[in-house]
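Below: the structure, in structure tokens.
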Amino acid sequence: MIILLMLIPLSLMLLAVAIGSFVWAVRKGQFDDMDTPAIDILRDDRPLGAKADGTTDGRGHD
Amino acid sequence: MGAAGSFDPTDALIVDCAVDAISQAGVEACYHCGEALPASPVLSDVEGSVKGFCCEGCLAAAQWIRSSDLGDYYRLRSAAGARVDVELPDLAAWDRDDVLADHAFPVTGGLEITLLTDGMRCAACAWLIDRALQRVDGVLDVGANAVTGRIRIAWDPARVTLSSVLGRLASLGYRPYLASGAVQEREKLAERRRWLLRLGIAGLGAMQTMMLSEALYLDFNHHMALYTRDFFRWVTFLVCTPVVFYSGWPFLLGAWREWRERHLGMDTLVAGSTLLAYLASAVETVRGGAHVWYDAAAMFVFLLLCARMLEQRARRIASSQVDALARARPALALRERPDGTRESVPLTALQTGDIACMAAGEAVPADGVLLDEQAMFEEALLTGESNTVAKTQGAQVFAGTVCRETPARIEITRVGSATRLSQLTRLVEQAQAHRPPLARVADRIGTWFVLALVLASVAVFIGWRLHDPSRAFEVTLSLLVISCPCALSLAVPAALAATHGALARLGVLSLRAEGLDSLARATDVVFDKTGTLTRIDPVVGEVRTFGDMSADVATAIAAVLERDSGHPIAAAFASVPTLRTASGLKVHAGQGLSGRVDGMEWRLGRGPFAAGQNDDGRLWLGDGTSAVACFTLEERMRTDAHATVNALRALSLRIHLASGDGAGAVERLTRQLDIDDSHARQSSEDKLALVRKLQAEGRVVAMVGDGLNDAPVLAGADVSLAMGEGASLAQRAADMVLTAPSLLRIPAAVQLARRTQRIIRQNFAWAVGYNLLALPLAITGQVTPSLAALGMALSSLIVTANALRLMRVSVPESSP
């Protein structure tokens, strides 16, 4: 059971990392706005091709 | 509204409708803001097809958005943009040191300010603002939130002035307003982040604590070496400590407060059980005793925090609507110096006795007395009256109202928090912080329960001490944890929080917590007529012409005159198609309009002004001396009035109609809607008497009014709903305000209130039943503390989950 002496501090370290990154995320305001970033994914990076189709597509998401 | 590709590009006015799903069907609308196009729209080429714009401002905004490669905004948005004024507001005052000192605070590399804006209607707007402002050189960081309507801007004053950043914002149609003070803004955000941190750390910590405790529990036959066991215990101690003292701090603080007030509350019990479990475990760890209960303590804290967060979230959504009131205050005021010159000063510099000037369309900065002969004010925000109100010299003018048609000067009588607007804001905030009676009852029961529980546990401890000293502590701890009335204390707030969230989505703003309870019990609904079952904006009824002009031509001329006036009556003519154009339009305050159509000079308005006739409430068209036509304006029944009355009747509510109008109009409406009981020519007192009579019969009365002239009735009814058209959030008398222009929300709200009541009862029954069942088990020592914590947790979760069912509500759609 001597392995526990290594595994448990390891899990504690993971816990510390998890808490640390959570604190960082909260401080950086990652949780301040839960609505706006969701829309970023709907944006195409490519320039718009067919304009009429583009507008119809866009409406489908609304 | 399907494919847009096959239209002839020259047919710009029609193409536009197909492209923008947001614009009203069949109405030629501006590509950017969705407003109806004026007689001579600005046409421009967008992506190969010609689009119409209502003004140069909207065109400029659209062009900038396209050229900045942000055109996706038009695809992503789910609500039309805000109209962009050609004349951008003067923003230079935002750069003044005193404004920045009050509202901005330093961050690394520059300053940060939080503003409110109107016109941010969907997440795409927030996205656009984010992108647009970030491209301004010198802007460090931007965060726009469409839910709260706030924009956070961090900028480097050495590289860019705030006014030029805000100029970009204004050119897109979003006007900046000062938020209620940087300190409160930051306080709110910091508070929210602190709670999130507490919850996150409690979650991670509790998870780890349980994992480690599990290892100890699974050691049924005590094969584990003592040093391994102690090692586990110390590690658990380490993980559990921040959960109890950091995450659980609000409970400890609450318990301390309750202790000082000599009042036994839920926090006492929560903090007591947590500390007891934690400290006893620590003692056992040091002593090498038989059991530890860290997991019970950590789980307890985590689950209770979850419940509190849920409640706070629902509250925050509701309170973001209060900001509409804060937005009404301008950031700066124009002050007249004693020598007659004018200077722009921040709001805080205004003092009683100063003279403030407002241009037409500007908001009044503080309460005051009108100095001019006559002026028009729109008091929609304060009273819900969307028509402008004419005021004469010496009349009271309130902060937050909008000066219309002519500029005005006022002598200030009240500033800052003494203004009526601030009082209303406070009122709404108070209402939202107010605990409903049901929650207070739960608290009271909780207090007695806690007292009884503490006494019982002392008795149990003594009993077990005599019977089996080795298990006395464990059994007592189990008893305390398992019978903690958490479910009881969650039963009401969780349900109310869920309901407030659902109500907000329904477009019903609850101003007084008692309202929900009364609405669920209501047996009768009394409707006001004007502005409630009927719409405020009229339709053209009878048209009478004098001379040889046909009614159609007269209507068309009136429509042209009204179209660009922005007058409330204009809505009556909005549906009249016309190809004529008017020139030289002039608005005569309180009188009517004049302008040239087809080379003729026309006047439209009150009898004496337009046609030399008596003022009989009708709308006259003429040349100033002789009449050509007159229009009778009629009220229009709301399209969803019939469905609403039927839905309410299906909920076994009795419908009454009480109106100040004459018997004819009321009779007609009663027949149309098939209402059981109607009363015509009712004064405010008569309506109140009707409500009192019904109440004397033991009925619970819900009153629906427009919130204007029926305030005493609204106050007298058991629960009152005011129509919120014109953003009349701050109806003091009303318990609820409908922010959506749909009557169908009323039956939906009644249903929701009843469901809430049912779910609260279920929750109470569950919580009490669980405690009654668990107590004897715990007293007889059948339950270990961790099992107790699990039982308590499950009970709380069931109650919360049951309450969250209330969030699922379908919003009834209807045409406005």
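Before moving on, here are some points about what is shown:
- Every pair of residues 6+ apart whose Cβ atoms lie under 6 Å, when the first sits in segment B:444-457 and is in contact (Cβ under 8 Å) with a residue 60 or more places away in the chain while the second is open to solvent by 40 Å² or more (accessible area, probe 1.4 Å): B:447/B:264; B:450/B:264; B:451/B:264
- Residue list for segment B:622-636, restricted to those being within 30 Å of residue B:672 (Cβ to Cβ) and either buried (at least 23 other Cβ atoms within 10 Å of the Cβ) or not hydrophobic (A, V, I, L, M, F, W, C) (or both): B:629, B:631, B:632, B:634, B:635, B:636
- Test for residue B:367: is it at pLDDT 80 or above, touching a Phe, Trp or Tyr at 6+ places or on another chain (Cβ under 7 Å) and more than 30 Å from residue B:216 (Cα to Cα): yes
- Of all residues in segment B:226-246, none that is within 11 Å of chain A (Cβ to nearest Cβ) and part of a helix (DSSP H, G or I) has its Cβ atom under 7 Å from the Cβ atom of a residue that is surrounded by fewer than 18 Cβ atoms within 10 Å (Cβ to Cβ) and among the basic types (Lys, Arg), 6 or more apart or on another chain.
- All positions within segment B:215-225 that are away from chain A (no Cβ under 13 Å) and either on the phi < 0 side of the Ramachandran plot or at pLDDT 80 or above (or both): B:217, B:218, B:220, B:221
- Some residue of segment B:650-667 being on the phi > 0 side of the Ramachandran plot and under 37 Å from the mean Cα position of the chain (by Cα): yes
- Filter result (more than 13 Å from residue B:245 (Cβ to Cβ) and free of Cβ contacts under 8 Å to residues at least 40 places away in the same chain) within segment B:261-283: B:261, B:262, B:267, B:283
- Among (1) modelled with pLDDT of 80 or more; (2) surrounded by fewer than 23 Cβ atoms within 10 Å (Cβ to Cβ) - the single one residue B:298 does not satisfy: (2)
- Applying a threshold of 6 Å to beta carbon distances and a minimum spacing of six or more residues, or different chains, the list of pairs starting in segment B:185-211 at a residue that is more than 8 Å from chain A (Cβ to nearest Cβ) and ending at one that is aromatic (Phe, Trp, Tyr) reads B:202/B:302; B:203/B:302; B:206/B:302; B:209/B:294.
- Of all residues in segment B:392-408, those satisfying the criterion of being part of a loop (DSSP other than H, G, I, E, B) and farther than 19 Å from residue B:591 by Cβ are B:394, B:398, B:399, B:400, B:401.
- In this structure, residue B:752 does not satisfy being at pLDDT below 85 and in a helix (DSSP H, G or I).
- Top-ranked residue of segment B:122-142 - restricted to ones that are open to solvent by 20 Å² or more (accessible area, probe 1.4 Å) and within 24 Å of the chain's Cα centre (by Cα), ranked as nearest to the other protein chains (Cβ to nearest Cβ): B:123
- Residue B:277 meets each of the listed conditions (1) modelled with pLDDT of 85 or more; (2) open to solvent by less than 20 Å² (accessible area, probe 1.4 Å); (3) of a type in the set (A, V, I, L, M) apart from (1).
- Of all residues in segment B:668-695, those satisfying the criterion of being among the basic types (Lys, Arg) and either on the phi < 0 side of the Ramachandran plot or open to solvent by less than 30 Å² (accessible area, probe 1.4 Å) (or both) are B:668, B:671, B:687, B:692, B:693.
The values are calculated or read from the model by the stated rules, or taken from the named source; none is laboratory data. Predicted model, so just to flag it, every value in this text is computed and none were measured. Methodologically, a virtual Cβ is constructed for each residue, glycine included, from the backbone with ideal geometry; neighbour enumeration extends over all protein chains shown. The protein model used for the area step is the full one, side chains on, heavy atoms only, and it has no ligands, DNA or RNA in it. Shrake-Rupley method; radii C 1.70, N 1.55, O 1.52, S 1.80 Å.
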